[in-house]
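J.: I am attaching a structure below and will ask some questions about it afterwards.
The values are calculated or read from the model by the stated rules, or taken from the named source; none is laboratory data. All values reported here derive from a predicted model rather than from experimental measurement. So basically every Cβ, Gly included, is an ideal-geometry build from the backbone, and we count neighbours across all protein chains shown.
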């Protein structure tokens, strides 16, 4: 079998002379075989495990914070309902309900919750896309590495060769698909990109600061207003 990699240093080539005809047989050398085996953990498994672990950690943190917000909102609503059933003065009840309805902290929580839901969805899609697009390459590289380390000449079928190059194309697509995921899922990212294309620099810097800092500052300001209002009511 004539190998397309003949003449490169990573392959060992042998010349066979049969009936005045010269045949060149190239097989992978030891270094090439080791590098092929190292591709499996270094290119797919290790990055995939790290990516999935970190994304899961971020998603768990966001879910925990959303749970705390929901519990605090529920406690405020239950306390207001208990005040109504206990028969307190209607003036105080009206002021407390006004604070609850017009609470800027609750509005910031809703906005932050929507943003964090989209962020969690982005993390899930990125992790799933990495494994879906990388697994074919992992399988074909592993099969080819096992065949090359069998120390025997083997003929690669056309179907296997086509599948190998398709899997490699999917792996290369995995390197650039995150940008399109952010554009589809992230509305703020999409608006920032469109502002950059239109060269609307004021809108671009405002949205960019929103992407970088989030709405944590707004939430803290809302918490300060809520505390001051609650002190006035009490």
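J.: If the requirement is being at pLDDT below 85 and surrounded by 13 or more Cβ atoms within 10 Å (Cβ to Cβ), which of these qualifies: 142, 163? Walk me through how you get there before you give the answer.
T.: Numbers: 163 fails: at pLDDT below 85.
Being at pLDDT below 85 and surrounded by 13 or more Cβ atoms within 10 Å (Cβ to Cβ) holds for just one of 142, 163, which is 142.
J.: Just to be sure before I move on: is residue 202 crowded, with 17+ Cβ neighbours inside 10 Å and either modelled with pLDDT under 85 or part of a helix (DSSP H, G or I) (or both) in the structure I sent? Give the derivation first.
T.: Details: crowded, with 17+ Cβ neighbours inside 10 Å: no; either modelled with pLDDT under 85 or part of a helix (DSSP H, G or I) (or both): yes.
So residue 202 fails the test.
J.: Of these, 187, 209, which one is in contact (Cβ under 8 Å) with a residue 40 or more places away in the chain, surrounded by fewer than 14 Cβ atoms within 10 Å (Cβ to Cβ) and at negative phi? Give the steps one after another, and end with the answer.
T.: Numbers: 209 fails: in contact (Cβ under 8 Å) with a residue 40 or more places away in the chain.
Matching residue, one of 187, 209: 187.
J.: Further question on the same structure: Taking the stated definitions as given, is residue 49 farther than 30 Å from residue 140 by Cα, modelled with pLDDT of 80 or more and within 35 Å of the chain's Cα centre (by Cα)? Before the answer, list the steps.
T.: Working: farther than 30 Å from residue 140 by Cα: no; modelled with pLDDT of 80 or more: yes; within 35 Å of the chain's Cα centre (by Cα): yes.
No: the conditions fail for residue 49.
J.: Follow-up question, since we're still on this one. Got a number for residues in segment 19-37 being more than 19 Å from residue 142 (Cβ to Cβ) and either at pLDDT 70 or above or assigned to a loop (DSSP other than H, G, I, E, B) (or both)?
T.: Qualifying residue count, segment 19-37: 5.
J.: Considering every residue within segment 115-135, establish whether at least one is surrounded by fewer than 18 Cβ atoms within 10 Å (Cβ to Cβ), at pLDDT 55 or above, more than 25 Å from residue 186 (Cβ to Cβ) and touching a helix residue (DSSP H, G or I) at 6+ places or on another chain (Cβ under 9 Å).
T.: Yes, the conditions are met somewhere in segment 115-135.
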